[in-house]
1. At a Förster distance of 30 Å, what's the computed FRET efficiency of residue 52 paired with residue 30, Cβ-Cβ distance as r, to 0.05?
2. For the chain, what is the charge dipole size about the Cα centre, in debye to the nearest 20, if Lys and Arg each add +1 at the Cβ and Asp and Glu each add -1 at the Cβ?
3. R0 = 41 Å: FRET efficiency of residue 11 with residue 43, Cβ-based, nearest 0.05?
4. May I ask for the angle, rounded to the nearest 10°, between helix 22-39 and the longest principal axis of the chain, with both axes built from Cα atoms and the value confined to 0 to 90°?
5. Just to confirm the filter: which trypsin sites (Lys or Arg not before Pro) across the chain are DSSP coil and have at most 13 other Cβ within 10 angstrom of their Cβ?
6. Kindly provide the GluC sites (Glu not before Pro) of segment 1-46 that DSSP labels as loop, not H, G, I, E or B, and whose Cβ sees at most 14 other Cβ atoms within 10 Å.
7. Please compute the per residue accessible area over the chain with all protein chains in place, 1.4 Å probe, rounded to a whole number of Å².
8. Taking the Cα atoms only, what angle lies between the long axis of helix 4-13 and the longest principal axis of the chain, rounded to 10 degrees?
Amino acid sequence: MVTEQEIEQVTKLMKIDVHDHKEFIDKVHAMIDYFDILDSAGVDDEEILMKDVPLSSLRKDEHITYPDKLIEKLKHYKGTYVRAPKMV
């Protein structure tokens with residue numbers, strides 16, 4: 001099924017710091033077993049019911065101008081740029 005090397009590779013790709021990869025093998029196997037149960041549920045021939053909504057019943061998109069400048073309401077901005085926390 002899933003090997004320790006595969007879990008280690010996935011954690012490196014996702015930049016997750018995992019010290020003991022063996023701990024997660026059982027958890028991954030349990031998740032895959034659950035997906036197998038869902039796959040065997042036999043819902044391939046089930047009909048998906050969706051209500052038809054005519055376009056005339058949807059609201060009309062309208063541009064409504066905002067009276068204030070939103071950029072001035074921010075705490076940290078310079079010109080038209082917004083300062084945000086550093087992404088790691």
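1. Working: r = 40 Å, r/R0 = 1.35.
Result of the calculation: an efficiency of 0.15.
2. Computed about the Cα centre, the dipole is about 1380 debye.
3. Numbers: r = 32 Å, r/R0 = 0.79.
After rounding, the FRET efficiency stands at 0.80.
4. 80 degrees
5. In loop regions of the chain (DSSP not H, G, I, E or B), the sparsely surrounded trypsin sites (Lys or Arg not before Pro) are 15, 51, 59, 60, 69, 75, 83, 86.
6. Hits after loop and neighbour filter: 46.
7. 107 Å²
8. 10 degrees
The values are calculated or read from the model by the stated rules, or taken from the named source; none is laboratory data. Note that the structure is a prediction, hence the values are computed from the model and not measured. Positions of Cβ are generated from backbone atoms using ideal geometry, with glycine treated the same way; all protein chains shown enter the neighbour counts. Note: areas computed on protein heavy atoms with side chains; ligands, DNA, RNA excluded. Shrake-Rupley method; radii C 1.70, N 1.55, O 1.52, S 1.80 Å.
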